[in-house]
Structures are given as C-alpha cells and as structure tokens.
Amino acid sequence: MSGKPRLIYLNGRGRMESIRWLLAAAGVEFEEVYLETKEHFEKLIKDGSLLFQQVPLVEIDGMKMVQTRAIMSYIAGKYNLYGKDLKERALIDMYVEGISDLMQMILMFPFSPPDAKEKNLESIKERATNRYFPVFEKVLKQHGQDFLVGNKFSWADVQLMEAILAVEEKVPDVLSGFPQLQVFKTKMSNMPTIKKFLQPGSPRKPPPDAHYVETVLKIFKI
C-alpha cells in the first residue's frame, strides 16, 4: 500500500473537495480512485469499507476513514493546521462549522430544480454577504493578522479560501464590500501549496456540470 493518502469518491467536487483542499494546502500528495458505477459503491459497502454506507472514504495511516468532519480533523491535526491549544481549536471549529453551513448550500445548488435555481442562487448570495463573510471580515480587521486564528495558517483559512472561490464562481463581485477578505484571498492565493492547487492540472475539480449531477443520481440512486 502506498504511503500516500487514497481518496475514494466521484470524479467531482462534492464532499471530497474540502478534503482535497486541506491535503493540498498541507503539501500532501494523494491518490484518487473514482466511483463510476452503482456496483462499485455497493461493493465498498459489502466489503465493510464504508462504516455508515457513505462516502467520502479516505485511506490514511492504515485507517479507512469516513465522515468528512472526522477525516478533516485528523488531517488538520496530523499536519499542524489545528491550532496550538484547545481554545484555538475551538475557534477553528466554530469558523469551520460556519463555513461548512455556507458550503452545504453551494454543494446542493447543482441539484436544484430549474425553477428554483435563481431563488437558491439569491439565497447563497444573501447568506454569504450578510451572515458568513461579515464574520471573517470583522475577525481579520479586529486582530490585524494574516490568518484567522493565532496568526498561523490553519484549517479555518483553507476552508474560508475554498468558500470564497466557490461563491465567486456564482457571484463574481461578492467580495466588493469586504476589503479584508480581498487581501486575505490574495495572500492565500500566493501561498505556494495553494498556488499550486489553483493551477491547471492540479487535483482540484471543476464546478459540477450536468454529467456530474447525473452520475451522483445514478450511483446513489437519489
């Protein structure tokens, strides 16, 4: 078995994309196995690889890990992206949970019925500009540091960067009222590991298209 983490998921963003982001930001190379059929997914369940009959599945350090939050907590802790003490971890957890709420809306957007897409897009914009991004704008302004927690790069910074770019794909001017976040985005984009992940040919996945949606519905029988 290779020493690299092995990611088992569809060939698309979904719930695995945040894991890809975190590994890439930590400078960790990984391998991917793509689910393409319902039979492949069912075999993983039958083999006992999926504890709760769900993906993402990440094979790392001899473990078969499921549940996105558990996987990411482990990676963040392993690669020193989870704060220096319990208080910093609590802050990181709060920020990550908040960002995850916003990302859940983005994750579900491609599956919106056609007549609901405009309304759901407006909801993403409203939540990003009025509920979530103002929090991080205020945090960065108040402590005047480059990163969200402890003046050190952490899991929370990675999650926020992913969310900013994901919202910008749908609402290009979403940061127009957030000067601190504009600076944050520029700094994050120039960090070597993130800069590499943002280049063409990296493991970063493109926005979900109709084929991806169709594959998800077929494999998971939704």
*asked:* It is to be established whether one or more residues within the range 191-214 are over 28 Å from V33 (Cα atoms) and at pLDDT 95 or above.
replied: no
*Can you pull out the residues in the range 43-73 that are assigned to a helix (DSSP H, G or I) and within 17 Å of the chain's Cα centre (by Cα)?*
T68, R69, A70, I71, M72, S73
*In the range 152-173, which residue that is in a loop (DSSP other than H, G, I, E, B) and either without any contact (Cβ under 8 Å) to a residue 60 or more places away in the chain or in contact with a Ser or Thr (Cβ under 6 Å, 6 or more places away or on another chain) (or both) is least open to solvent (accessible area, probe 1.4 Å)?*
V171
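Does K218 satisfy the condition of being in contact (Cβ under 8 Å) with a residue 60 or more places away in the chain, open to solvent by 50 Å² or more (accessible area, probe 1.4 Å) and farther than 17 Å from Q104 by Cβ?
Yes; evaluated as a whole, the condition is true for this residue.
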*Which one of these does V149 not meet: (1) in a loop (DSSP other than H, G, I, E, B); (2) without any contact (Cβ under 8 Å) to a residue 60 or more places away in the chain; (3) more than 23 Å from L107 (Cα to Cα)?*
(2)
*Could you grab the pairs with beta carbons closer than 6 Å, sequence gap of 6+ or different chains, first residue in the range 118-130 and closer than 15 Å to E169 by Cα and of a type outside the set (K, R), second one outside any helix (DSSP H, G or I) and open to solvent by less than 80 Å² (accessible area, probe 1.4 Å)?*
N120/S112; A128/V174
*Would you mind finding the one in G201, G144 that is closer than 24 Å to M16 by Cα and surrounded by fewer than 16 Cβ atoms within 10 Å (Cβ to Cβ)?*
G201
*Just for the range 147-178: of the residues that are closer than 17 Å to W21 by Cα and among the aromatic types (F, W, Y), which one is farthest from the chain's Cα centre (by Cα)?*
F147
*Could you list, in sequence order, all residues of the range 174-188 that are over 18 Å from V135 (Cα atoms) and without any contact (Cβ under 8 Å) to a residue 24 or more places away in the chain?*
T186
*Matching residues, the range 95-104, being buried (at least 18 other Cβ atoms within 10 Å of the Cβ) and either of a type in the set (G, A, S) or without any contact (Cβ under 8 Å) to a residue 24 or more places away in the chain (or both)*: G98
*Determine whether the range 11-25 contains at least one residue that is free of Cβ contacts under 8 Å to residues at least 60 places away in the same chain and not aliphatic (A, V, I, L, M).*
no
_Selection status of N120, part of a helix (DSSP H, G or I), open to solvent by 70 Å² or more (accessible area, probe 1.4 Å), of a type in the set (S, T, N, Q) and under 30 Å from S176 (Cβ atoms)_ = no
*Among the residues of the range 24-54, write down those that are under 14 Å from K221 (Cα atoms) and either of a type in the set (S, T, Y) or out of contact with any Ser or Thr (no Cβ under 9 Å at 6 or more places or on another chain) (or both).*
T37, K38, E39, H40, F41, E42, Q53, Q54
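Is it the case that some residue within the range 78-94 is open to solvent by less than 30 Å² (accessible area, probe 1.4 Å), within 23 Å of M191 (Cα to Cα), of a type in the set (D, E) and touching a residue at least 60 places away in the same chain (Cβ under 8 Å)?
Scanning the range 78-94, I find at least one residue that is open to solvent by less than 30 Å² (accessible area, probe 1.4 Å), within 23 Å of M191 (Cα to Cα), of a type in the set (D, E) and touching a residue at least 60 places away in the same chain (Cβ under 8 Å), so the answer is yes.
The values are calculated or read from the model by the stated rules, or taken from the named source; none is laboratory data. As the structure is a prediction and not an experimental result, all values here were calculated from the model. Methodologically, a virtual Cβ is constructed for each residue, glycine included, from the backbone with ideal geometry; neighbour enumeration extends over all protein chains shown. The accessibility values were calculated without ligands, DNA or RNA, using every heavy atom of the protein model including side chains. Shrake-Rupley method; radii C 1.70, N 1.55, O 1.52, S 1.80 Å.
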